[in-house]
Amino acid sequence: MAAGFKTAEPLEYHRSFLKENCRPDGRELVEFRPTTLNIGSISTADGSALVKIGNTTVICGIKMEFANPSVEAPNKGYIVPNVDLPPLCSSGFRHGAPGEQAQAASQFIADIIESSEVVNTEDLCIVRGKLCWVLYCDLMCLDYDGNLLDACIIALLAALKHAQLPEVTVNAETSLPEVDLKTRKPLQVHRHPVASSFCVFDNSVLIVDPTAEEERLSTAQLTVVTDEDERLCSVHKPGGTSLSGERLQECISRAQARHREIHKLIDKVAQSVKSKK
(Lines give C-alpha, C1' and ligand atoms only; values in the text may rest on other atoms or scores of the structure.)
Protein backbone atom coordinates (compact mmCIF):
# COMPACT_ATOMS: atom_id res chain seq x y z
CA MET A 1 0.00 0.00 0.00
CA ALA A 2 2.80 2.40 0.97
CA ALA A 3 4.70 1.57 -2.23
CA GLY A 4 1.62 2.36 -4.31
CA PHE A 5 1.08 5.65 -2.47
CA LYS A 6 4.74 6.57 -3.02
CA THR A 7 4.44 5.89 -6.77
CA ALA A 8 1.09 7.63 -7.25
CA GLU A 9 1.68 10.65 -5.01
CA PRO A 10 5.42 10.98 -4.31
CA LEU A 11 5.17 14.53 -2.97
CA GLU A 12 2.34 13.72 -0.57
CA TYR A 13 4.24 10.59 0.47
CA HIS A 14 7.25 12.70 1.45
CA ARG A 15 5.06 15.33 3.14
CA SER A 16 3.59 12.65 5.40
CA PHE A 17 7.09 12.01 6.75
CA LEU A 18 8.18 15.64 6.88
CA LYS A 19 5.20 16.44 9.11
CA GLU A 20 6.75 14.05 11.64
CA ASN A 21 10.18 15.70 11.25
CA CYS A 22 11.69 12.65 9.59
CA ARG A 23 12.29 11.30 6.08
CA PRO A 24 11.34 8.12 4.19
CA ASP A 25 14.82 6.63 4.67
CA GLY A 26 14.57 7.06 8.44
CA ARG A 27 16.83 10.09 8.73
CA GLU A 28 16.08 13.27 10.64
CA LEU A 29 15.70 16.44 8.55
CA VAL A 30 19.25 17.64 9.32
CA GLU A 31 20.97 14.24 9.24
CA PHE A 32 23.56 13.34 6.60
CA ARG A 33 23.81 9.84 5.18
CA PRO A 34 26.81 7.69 6.16
CA THR A 35 29.93 8.94 4.35
CA THR A 36 32.84 6.63 3.54
CA LEU A 37 36.15 7.40 1.83
CA ASN A 38 38.87 5.35 0.19
CA ILE A 39 42.12 7.00 -0.93
CA GLY A 40 44.40 5.54 -3.60
CA SER A 41 41.62 3.62 -5.33
CA ILE A 42 43.19 3.84 -8.82
CA SER A 43 46.75 2.53 -8.95
CA THR A 44 47.41 4.01 -12.41
CA ALA A 45 46.41 7.55 -11.40
CA ASP A 46 48.71 10.17 -9.88
CA GLY A 47 46.14 10.69 -7.13
CA SER A 48 42.72 9.15 -6.54
CA ALA A 49 39.86 8.75 -4.09
CA LEU A 50 36.44 7.10 -3.95
CA VAL A 51 33.60 8.60 -1.89
CA LYS A 52 30.20 7.24 -0.92
CA ILE A 53 27.45 9.39 0.58
CA GLY A 54 24.63 6.94 1.09
CA ASN A 55 24.28 5.30 -2.31
CA THR A 56 25.82 8.21 -4.22
CA THR A 57 29.30 7.09 -5.30
CA VAL A 58 31.95 9.26 -6.97
CA ILE A 59 35.51 8.34 -7.92
CA CYS A 60 38.19 10.92 -8.73
CA GLY A 61 41.38 10.20 -10.63
CA ILE A 62 44.13 12.75 -11.25
CA LYS A 63 46.59 12.60 -14.16
CA MET A 64 49.49 15.01 -14.50
CA GLU A 65 50.78 16.26 -17.84
CA PHE A 66 53.17 18.93 -19.07
CA ALA A 67 51.77 22.13 -20.52
CA ASN A 68 52.84 25.63 -21.48
CA PRO A 69 51.88 28.37 -19.00
CA SER A 70 49.58 31.08 -20.27
CA VAL A 71 50.98 34.47 -21.24
CA GLU A 72 48.80 36.11 -18.55
CA ALA A 73 50.12 33.79 -15.80
CA PRO A 74 53.59 32.59 -16.84
CA ASN A 75 54.38 31.27 -13.34
CA LYS A 76 51.24 29.17 -12.83
CA GLY A 77 50.00 25.72 -13.81
CA TYR A 78 46.46 24.47 -14.28
CA ILE A 79 43.85 22.33 -12.53
CA VAL A 80 41.15 21.08 -14.90
CA PRO A 81 38.16 19.28 -13.34
CA ASN A 82 35.66 17.29 -15.38
CA VAL A 83 32.51 15.60 -14.05
CA ASP A 84 31.12 12.60 -15.91
CA LEU A 85 27.57 11.34 -15.36
CA PRO A 86 27.40 8.13 -17.42
CA PRO A 87 24.24 6.05 -17.91
CA LEU A 88 25.63 3.38 -15.58
CA CYS A 89 25.08 5.70 -12.57
CA SER A 90 21.41 6.43 -13.32
CA SER A 91 18.81 5.80 -15.99
CA GLY A 92 18.30 9.57 -16.10
CA PHE A 93 21.57 10.10 -17.99
CA ARG A 94 22.42 9.30 -21.60
CA HIS A 95 25.51 8.57 -23.68
CA GLY A 96 27.06 11.37 -25.70
CA ALA A 97 28.15 14.91 -24.94
CA PRO A 98 28.08 16.01 -21.28
CA GLY A 99 24.60 17.04 -20.18
CA GLU A 100 23.64 20.27 -18.49
CA GLN A 101 24.04 18.88 -14.96
CA ALA A 102 27.52 17.48 -15.64
CA GLN A 103 28.66 20.76 -17.22
CA ALA A 104 27.25 22.78 -14.32
CA ALA A 105 28.99 20.49 -11.81
CA SER A 106 32.34 20.82 -13.64
CA GLN A 107 32.05 24.61 -13.65
CA PHE A 108 31.02 24.68 -9.99
CA ILE A 109 34.11 22.66 -9.00
CA ALA A 110 36.38 24.82 -11.18
CA ASP A 111 35.00 27.91 -9.40
CA ILE A 112 35.60 26.33 -5.98
CA ILE A 113 39.19 25.45 -6.88
CA GLU A 114 39.81 29.07 -7.83
CA SER A 115 37.85 30.83 -5.06
CA SER A 116 39.04 28.64 -2.20
CA GLU A 117 42.68 28.55 -3.37
CA VAL A 118 42.79 24.85 -2.51
CA VAL A 119 46.10 24.57 -4.40
CA ASN A 120 48.49 27.41 -5.17
CA THR A 121 48.87 27.01 -8.93
CA GLU A 122 52.34 28.61 -8.68
CA ASP A 123 53.40 25.29 -7.10
CA LEU A 124 52.65 23.70 -10.49
CA CYS A 125 55.13 25.87 -12.38
CA ILE A 126 58.33 24.08 -13.45
CA VAL A 127 60.05 26.71 -15.64
CA ARG A 128 58.53 30.18 -15.66
CA GLY A 129 56.90 30.98 -18.97
CA LYS A 130 57.96 27.66 -20.51
CA LEU A 131 56.78 24.59 -18.59
CA CYS A 132 54.18 23.73 -15.97
CA TRP A 133 52.00 20.91 -14.73
CA VAL A 134 48.35 20.54 -15.65
CA LEU A 135 46.30 18.35 -13.31
CA TYR A 136 43.36 16.68 -15.06
CA CYS A 137 40.88 15.79 -12.33
CA ASP A 138 38.32 13.35 -13.74
CA LEU A 139 35.32 12.79 -11.49
CA MET A 140 33.01 9.94 -12.47
CA CYS A 141 29.73 9.18 -10.75
CA LEU A 142 29.29 5.42 -10.38
CA ASP A 143 25.94 5.56 -8.58
CA TYR A 144 23.70 8.63 -8.51
CA ASP A 145 21.30 9.15 -5.63
CA GLY A 146 21.43 12.90 -5.12
CA ASN A 147 23.91 15.32 -3.59
CA LEU A 148 26.48 15.01 -6.39
CA LEU A 149 28.37 18.20 -5.55
CA ASP A 150 29.20 17.23 -1.97
CA ALA A 151 30.59 13.88 -3.09
CA CYS A 152 32.61 15.45 -5.92
CA ILE A 153 34.26 18.02 -3.65
CA ILE A 154 35.23 15.39 -1.06
CA ALA A 155 36.61 13.06 -3.75
CA LEU A 156 38.58 15.90 -5.38
CA LEU A 157 40.05 17.13 -2.09
CA ALA A 158 41.07 13.62 -0.99
CA ALA A 159 42.61 12.85 -4.41
CA LEU A 160 44.60 16.12 -4.37
CA LYS A 161 45.95 15.26 -0.92
CA HIS A 162 46.98 11.84 -2.29
CA ALA A 163 48.70 13.30 -5.38
CA GLN A 164 52.49 13.53 -5.59
CA LEU A 165 54.53 15.59 -8.05
CA PRO A 166 57.55 13.84 -9.60
CA GLU A 167 60.82 15.72 -9.76
CA VAL A 168 61.47 17.41 -13.11
CA THR A 169 64.70 18.81 -14.49
CA VAL A 170 65.29 20.42 -17.88
CA ASN A 171 68.19 19.04 -19.89
CA ALA A 172 70.57 21.93 -20.66
CA GLU A 173 71.57 20.49 -24.03
CA THR A 174 68.21 19.41 -25.42
CA SER A 175 65.98 21.78 -23.41
CA LEU A 176 63.66 18.81 -22.86
CA PRO A 177 62.13 17.95 -19.48
CA GLU A 178 63.36 14.84 -17.71
CA VAL A 179 61.10 13.22 -15.13
CA ASP A 180 62.31 11.27 -12.12
CA LEU A 181 59.33 9.13 -11.12
CA LYS A 182 61.19 7.71 -8.12
CA THR A 183 61.56 11.12 -6.50
CA ARG A 184 58.19 12.62 -5.68
CA LYS A 185 56.90 15.27 -3.32
CA PRO A 186 53.32 15.60 -2.04
CA LEU A 187 51.15 18.22 -3.69
CA GLN A 188 50.63 21.04 -1.19
CA VAL A 189 46.93 21.44 -0.44
CA HIS A 190 46.62 24.89 1.14
CA ARG A 191 42.87 25.07 1.80
CA HIS A 192 40.26 22.39 2.46
CA PRO A 193 36.86 23.37 1.05
CA VAL A 194 33.90 21.13 1.86
CA ALA A 195 30.42 21.41 0.33
CA SER A 196 27.10 20.87 2.14
CA SER A 197 23.89 20.68 0.12
CA PHE A 198 20.33 21.40 1.21
CA CYS A 199 16.82 21.22 -0.23
CA VAL A 200 13.68 23.14 0.64
CA PHE A 201 10.23 21.51 0.57
CA ASP A 202 7.06 23.58 0.17
CA ASN A 203 9.12 26.77 0.56
CA SER A 204 9.53 26.09 4.29
CA VAL A 205 10.98 22.71 5.32
CA LEU A 206 14.79 22.54 5.13
CA ILE A 207 16.59 19.19 4.74
CA VAL A 208 20.28 18.31 4.34
CA ASP A 209 21.98 15.82 2.01
CA PRO A 210 19.00 15.23 -0.32
CA THR A 211 18.50 12.00 -2.24
CA ALA A 212 17.77 12.12 -5.97
CA GLU A 213 14.02 11.87 -5.33
CA GLU A 214 14.12 14.62 -2.72
CA GLU A 215 15.97 16.84 -5.19
CA ARG A 216 13.26 16.27 -7.82
CA LEU A 217 10.44 17.11 -5.41
CA SER A 218 12.02 20.12 -3.72
CA THR A 219 11.17 23.75 -4.42
CA ALA A 220 14.78 24.97 -4.03
CA GLN A 221 18.32 23.59 -3.74
CA LEU A 222 21.34 25.18 -2.10
CA THR A 223 25.01 24.24 -1.73
CA VAL A 224 27.24 26.02 0.80
CA VAL A 225 31.04 25.63 0.69
CA THR A 226 33.20 26.48 3.71
CA ASP A 227 36.85 25.93 4.62
CA GLU A 228 38.74 25.00 7.81
CA ASP A 229 38.72 28.61 9.04
CA GLU A 230 34.89 28.64 8.73
CA ARG A 231 35.35 31.02 5.82
CA LEU A 232 32.49 31.04 3.33
CA CYS A 233 33.92 30.05 -0.07
CA SER A 234 30.74 29.80 -2.13
CA VAL A 235 26.94 29.74 -2.03
CA HIS A 236 25.43 28.00 -5.03
CA LYS A 237 21.66 28.27 -5.55
CA PRO A 238 20.43 27.24 -9.01
CA GLY A 239 17.03 28.95 -9.04
CA GLY A 240 14.01 27.89 -7.02
CA THR A 241 12.24 29.79 -4.25
CA SER A 242 14.04 32.41 -2.18
CA LEU A 243 15.57 31.80 1.26
CA SER A 244 15.40 34.18 4.21
CA GLY A 245 18.62 35.48 5.75
CA GLU A 246 17.86 33.45 8.86
CA ARG A 247 17.52 30.23 6.86
CA LEU A 248 20.71 30.97 4.93
CA GLN A 249 22.61 31.50 8.19
CA GLU A 250 21.25 28.18 9.44
CA CYS A 251 22.61 26.47 6.32
CA ILE A 252 26.03 28.12 6.78
CA SER A 253 26.21 27.00 10.42
CA ARG A 254 25.35 23.42 9.48
CA ALA A 255 27.89 23.53 6.65
CA GLN A 256 30.61 24.59 9.09
CA ALA A 257 29.77 21.66 11.39
CA ARG A 258 29.77 19.28 8.41
CA HIS A 259 33.18 20.60 7.37
CA ARG A 260 34.70 19.57 10.69
CA GLU A 261 33.35 16.02 10.25
CA ILE A 262 34.65 15.63 6.68
CA HIS A 263 38.02 17.21 7.46
CA LYS A 264 38.52 14.65 10.25
CA LEU A 265 37.47 11.81 7.92
CA ILE A 266 39.90 12.83 5.16
CA ASP A 267 42.78 13.27 7.63
CA LYS A 268 42.06 9.91 9.25
CA VAL A 269 41.95 8.00 5.96
CA ALA A 270 44.98 9.86 4.54
CA GLN A 271 46.97 9.03 7.67
CA SER A 272 46.03 5.33 7.46
CA VAL A 273 47.21 5.26 3.82
CA LYS A 274 50.56 6.82 4.80
CA SER A 275 51.07 4.33 7.63
CA LYS A 276 50.62 1.40 5.20
CA LYS A 277 53.41 2.63 2.90
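The values are calculated or read from the model by the stated rules, or taken from the named source; none is laboratory data. Values in this document were obtained by computation on a predicted structure and should not be read as measured data. Positions of Cβ are generated from backbone atoms using ideal geometry, with glycine treated the same way; all protein chains shown enter the neighbour counts. Protein only, heavy atoms only, side chains kept; ligands, DNA and RNA dropped before computing areas. Shrake-Rupley method; radii C 1.70, N 1.55, O 1.52, S 1.80 Å.
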On the accessible surface of region 43-96, probed at 1.4 Å, how many percent belong to carbon and sulfur atoms? 50 percent
Please identify the trypsin sites (Lys or Arg not before Pro) of region 3-83 that satisfy two criteria: DSSP loop assignment and at most 13 other Cβ atoms within 10 Å. Which are they? Lys19
In whole angstrom, how long is each semi-axis of the equivalent ellipsoid of region 210-277, when you take the square root of 5 times every eigenvalue of its Cα gyration tensor and sort them from largest down? 30, 16, 9
Pop out the carbon and sulfur fraction of the accessible area of region 206-277 as a percent, whole number, probe 1.4 Å. 49 percent
Past 22 Å, Cα to Cα, is the threshold; run Lys237/Lys264; Lys63/Lys130; Lys52/Lys161; Lys52/Lys76; Lys161/Lys274 against it and keep the listed order. Lys237/Lys264; Lys52/Lys76
GNM, the chain, Cα, under 10 Å: largest mean-square fluctuation among Val30, Val168, Val119? Val168
Evaluated over the chain, the Cα radius of gyration and Dmax, each in Å: 20.6, 78
With a 1.4 Å probe and every protein chain left in place, work out the accessible area per residue of the chain in Å², rounded to a whole number. 51 Å²
Within a Gaussian network of the chain (alpha carbon springs, distance under 10 Å), most fluctuating of Glu178, Glu228, Glu114: Glu178
For region 158-252, diffusion coefficient by Stokes-Einstein and Kirkwood Rh (Cα), 4 °C, 1.567 mPa s, µm²/s: 77 µm²/s
Roughly how big is the chain's charge dipole about its Cα centre, with Cβ charges of +1 (Lys, Arg) and -1 (Asp, Glu), in debye to the nearest 20? 620 debye
